[in-house]
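First up is the structure itself, then whatever we jot down about it.
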Amino acid sequence: MLLLIALACTPEPEETKPTGDTSVDTGQADTAPPVDTGPTRPEDGFYGDIVDDEVGLTSTMVVEKAFGLAIKDTLIVYLSSSPAADCKSVTEYLTPGVVVDPTAIRPPERCDMYLKVANWDGSFEAEDDRLAMVYSAMTCGFGPGKFVYEERGKGDFDYYYSGRWWQGIPEAFNLSVTETSDGFHLEGEMTVFDGTFVYEELSEVKAHGLVWGEVEIEPCPDFKSLF
């Protein structure tokens, strides 16, 4: 009886708190898949790769220079992949009927974009709207090549890309252009493209990729002749 009373009156030892790392090493690696947060938006510029869906060639759009001009209700913008491009050379290249060697302003395996906006009122915004792109075009050199002066078709002499030359429009996209105090500002993204290799048998050749970011557009007074 005295033993039972003594045991009942003996205080319980304090609980010892664990210290340090108490995790159990099971010897197995963590197999939880990483969280996909999507691609990181470019910190500066408007660029990305485009892959054609026919043979899987890649062309890259890297906007090195951008020029634009708005007159009344129309805006014309040209996004160039060459740092050597200037207002005058781009205007000559875009002028119908003028034969120009575009080597300096069209690097191989690069894309440029011509954007024409009707009903311009100081801003433009469109998403997945083919009609908004009806007067616009992207051109891309797929695969290695250079511009060669030659005849393609009877009497049709011009500079042609020796690789595969694709032309089309963005199909899945969102783009916006706003007027600024010293030009224009473009931003958005393009992921699906619809077009064709224009110097081959004409058939639809879609392309895909991710071209996005933002870029400042420099005013180009010479574009006036394109209107």
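Just so you know, all these numbers are worked out from the coordinates, no wet-lab data involved. Computed from a prediction, not measured in an experiment: that's the story for all the values here. Cβ coordinates were reconstructed from backbone atoms using ideal geometry, including for glycine residues, and neighbour counts include every protein chain displayed.
The charge dipole of region 56-226, taken about the Cα centre with unit charges on the Cβ atoms of Lys, Arg (+1) and Asp, Glu (-1), comes to about 500 debye, rounded to the nearest 20. Extension gain, ARG130 to SER203: 0.36 nm times the residue separation minus the Cα-Cα distance gives 24.5 nm. Per-residue extension of 0.36 nm, minus the Cα-Cα distance of ALA118 and VAL98, leaves a gain of 4.8 nm for this segment.
For region 132-227, GluC sites (Glu not before Pro) meeting the loop criterion (DSSP other than H, G, I, E, B) and having at most 15 other Cβ atoms within 10 Å: GLU200, GLU201, GLU204.
Within the straight-line cut-off of under 14 Å between alpha carbons, the aspartates and glutamates reachable from LYS72 are ASP121, GLU179, sequence neighbours fewer than 8 places apart in one chain being disregarded. Candidate cross-link partners of LYS154 among the lysines, defined by an alpha-carbon separation under 28 Å and a same-chain spacing of 8 or more, comprise LYS146.
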